[in-house]
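K.L.:
Dropping the structure in here first, questions after.
The values are calculated or read from the model by the stated rules, or taken from the named source; none is laboratory data. All values derive from a computational prediction rather than experimental measurement. Glycine also receives a Cβ, built like all others from the backbone with ideal geometry; neighbour counts cover every protein chain displayed.
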Ligand code: TYM
């Protein structure tokens with residue numbers, strides 16, 4: 001058994017916003033005291049879309065680290081590092097890429113979506129198509145079991161699991177047992193032997209329970225197997241090989257799709273964000289001008305919180321009694337929209353204050369930050385080297 005590790009990453013695309021915080025970072029601050037955590041700024045991923053303008057990446061990397069520390073990530077508990085400082089990420093991406101079918105990559109929802117969204121950039125590149133392979137390598141390199149991310153990353157996690165399963169099936173098997181399985185399965189007859197291995201494959205790669213049941217019936221119905229052969233083939237269906245790579249799971253928060261000022265998912269590309277360290281006056285202005293239920297033209301018009309974008313933020317920032325006050329006040333026109341917005345403004349500013357204080361320390365003395373990241377990169381490299389050695393050995397790249 002491997003230790004239960006956490007891995008997550010963020011692209012250095014600029015300062016972080018409240019979607020990053022409520023969707024992911026807040027969860028990281030909880031996880032860091034429970035598990036060994038690896039948090040990585042994925043600069044190579046930023047290059048998949050910004051390969052023509054790499055100049056902005058470095059500045060953004062440091063901004064992201066400051067935002068993490070501001071949000072309460074503790075460098076004494078978690079390992080904070082930069083992806084490109086651990087070259088094993090690219091080695092593993094190359095190796096798992098060998099057995100990743102193109103069709104898996106072309107099916108990823110974000111692939112087509114991003115191509116559409118970022119029309120001004122030419123994203124018909126090898127690097128961009130391979131984005132999920134690199135992401136899978138990030139996670140698998142640390143044998144992370146828990147990956148705290150936002151909802152949009154779930155398909156990438158599913159592919160990471162598929163890649164790990166395929167890798168383990170291809171490279172983790174014990175060759176003597178495998179050879180024996182071919183010899184014994186031959187006794188089922190060619191057709192049934194082929195079916196047996198196909199069903200075993202579906203079960204082991206996709207966890208397909210029906211395939212397992214069907215394989216069981218083939219074995220039970222066969223007259224040509226001895227008791228020992230049957231038992232062997234039964235257990236071979238389940239043989240948990242020494243797993244070289246570990247299948248991770250996404251960890252989502254209740255705000256795994258935190259809405260922005262316009263009700264869509266908060267995202268820089270929609271221009272609907274509030275920055276983690278944004279100026280107070282700008283935050284107040286943004287919330288005060290947010291659109292509310294269009295039915296509330298005048299103060300005397302009753303409204304419906306379900307039709308109001310601010311209501312979504314109340315879910316994140318306000319307690320039950322404030323929400324009740326909003327609901328009643330809005331429906332009876334007892335409060336105005338600005339009254340309703342005030343607890344959200346207060347909530348955001350209250351949450352922000354300690355972040356500004358924590359960030360200041362690193363802005364005043366950037367060497368503190370460099371030391372934390374240097375130390376994190378070294379720790380990550382050490383850990384990555386161990387897993388990479390297992391991967392190389394399993395793939396027959398030993399040369400010793
Ligand atoms: P990125 O950089 O787009 O976003 C970083 C993380 O923030 C989450 N997020 C949100 N969650 C909830 N509501 C929002 N409005 C919101 N906006 C952003 C994202 O879901 C993400 O979890 N592919 C990744 C980076 C990556 C990675 C990894 C993540 C590369 N390798 C390995 C985890 C593990 C990405 O583009 O995230």
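K.L.:
Only residues that are more than 10 Å from the ligand (Cβ to nearest atom) and either without any contact (Cβ under 8 Å) to a residue 40 or more places away in the chain or touching a helix residue (DSSP H, G or I) at 6+ places or on another chain (Cβ under 7 Å) (or both): list them for segment 27-42, please.
P.N.:
Selection gives 29, 30, 34, 37.
K.L.:
Against the condition within 20 Å of residue 5 (Cα to Cα) and touching a residue at least 60 places away in the same chain (Cβ under 8 Å), how does residue 140 come out, does it pass?
P.N.:
Answer is yes for this residue.
K.L.:
Let me ask another. What residue, of 142, 196, is within 16 Å of the ligand (Cβ to nearest atom), at pLDDT 95 or above and touching a helix residue (DSSP H, G or I) at 6+ places or on another chain (Cβ under 7 Å)?
P.N.:
142
K.L.:
Still on this model: Please state which of the following conditions residue 262 fails to meet, knowing it meets all the rest: (1) more than 24 Å from the chain's Cα centre (by Cα); (2) within 15 Å of the ligand (Cβ to nearest atom); (3) surrounded by 17 or more Cβ atoms within 10 Å (Cβ to Cβ).
P.N.:
(3)
K.L.:
How do the pairs read when you match residues in segment 200-214 that are at negative phi and buried (at least 16 other Cβ atoms within 10 Å of the Cβ) with residues anywhere that are part of a loop (DSSP other than H, G, I, E, B) and modelled with pLDDT under 95, using Cβ under 8 Å and keeping only pairs 6 or more apart or on different chains?
P.N.:
202/208
K.L.:
Is there a residue being more than 13 Å from the ligand (Cβ to nearest atom), touching a helix residue (DSSP H, G or I) at 6+ places or on another chain (Cβ under 6 Å), at pLDDT 95 or above and not in a helix (DSSP H, G or I) anywhere in segment 79-87?
P.N.:
Looking through segment 79-87, at least one residue is more than 13 Å from the ligand (Cβ to nearest atom), touching a helix residue (DSSP H, G or I) at 6+ places or on another chain (Cβ under 6 Å), at pLDDT 95 or above and not in a helix (DSSP H, G or I).
K.L.:
Kindly indicate the residue of segment 205-228 that is in contact with a helix residue (DSSP H, G or I) (Cβ under 6 Å, 6 or more places away or on another chain) and part of a helix (DSSP H, G or I) and also nearest to residue 162 (Cα to Cα) among those meeting that condition.
P.N.:
Across segment 205-228, the extreme among qualifying residues is 205.
K.L.:
In addition: From the list 361, 331, pick out the single residue that is under 30 Å from the mean Cα position of the chain (by Cα) and surrounded by fewer than 16 Cβ atoms within 10 Å (Cβ to Cβ).
P.N.:
Matching residue, one of 361, 331: 361.
K.L.:
Tell me, yes or no, whether segment 29-38 has at least one residue that is within 12 Å of residue 64 (Cβ to Cβ) and buried (at least 24 other Cβ atoms within 10 Å of the Cβ).
P.N.:
No, that holds for no residue.
K.L.:
Can you pull out the residues in segment 53-62 that are farther than 15 Å from residue 371 by Cα and in a helix (DSSP H, G or I)?
P.N.:
54, 55, 56, 57, 58, 59, 60
K.L.:
Can you name the residue in segment 1-26 that is more than 8 Å from the ligand (Cβ to nearest atom) and assigned to a strand (DSSP E or B) and, of all such residues, is surrounded by the most Cβ atoms within 10 Å (Cβ to Cβ)?
P.N.:
If we take residues in segment 1-26 being more than 8 Å from the ligand (Cβ to nearest atom) and assigned to a strand (DSSP E or B), then 6 is surrounded by the most Cβ atoms within 10 Å (Cβ to Cβ).
K.L.:
Hey, can you tell me all the residues within segment 112-129 that are surrounded by 11 or more Cβ atoms within 10 Å (Cβ to Cβ), free of Cβ contacts under 8 Å to residues at least 60 places away in the same chain and not in a helix (DSSP H, G or I)?
P.N.:
The answer is 122, and nothing else.
K.L.:
Determine whether residue 202 is part of a helix (DSSP H, G or I) and in contact with a helix residue (DSSP H, G or I) (Cβ under 6 Å, 6 or more places away or on another chain). Before the answer, list the steps.
P.N.:
Working: part of a helix (DSSP H, G or I): yes; in contact with a helix residue (DSSP H, G or I) (Cβ under 6 Å, 6 or more places away or on another chain): yes.
Criteria met by residue 202.
K.L.:
Could you say whether any residue in segment 219-233 is surrounded by 19 or more Cβ atoms within 10 Å (Cβ to Cβ) and closer than 30 Å to residue 31 by Cβ?
P.N.:
Checked segment 219-233: no residue is surrounded by 19 or more Cβ atoms within 10 Å (Cβ to Cβ) and closer than 30 Å to residue 31 by Cβ.
K.L.:
Could you tell me whether any residue of segment 65-72 is away from the ligand (no atom under 15 Å from the Cβ), outside any helix (DSSP H, G or I) and within 27 Å of residue 361 (Cα to Cα)?
P.N.:
As a first pass, look at segment 65-72 and keep what is away from the ligand (no atom under 15 Å from the Cβ): 66, 69-70, 72.
Still in the list and also outside any helix (DSSP H, G or I): 72.
Checking the rest, the ones that are also within 27 Å of residue 361 (Cα to Cα) come to 72.
Checked against the condition, which is being away from the ligand (no atom under 15 Å from the Cβ), outside any helix (DSSP H, G or I) and within 27 Å of residue 361 (Cα to Cα), segment 65-72 yields at least one hit.
K.L.:
Does residue 193 meet the test of being surrounded by 13 or more Cβ atoms within 10 Å (Cβ to Cβ) and touching a residue at least 40 places away in the same chain (Cβ under 8 Å)?
P.N.:
no
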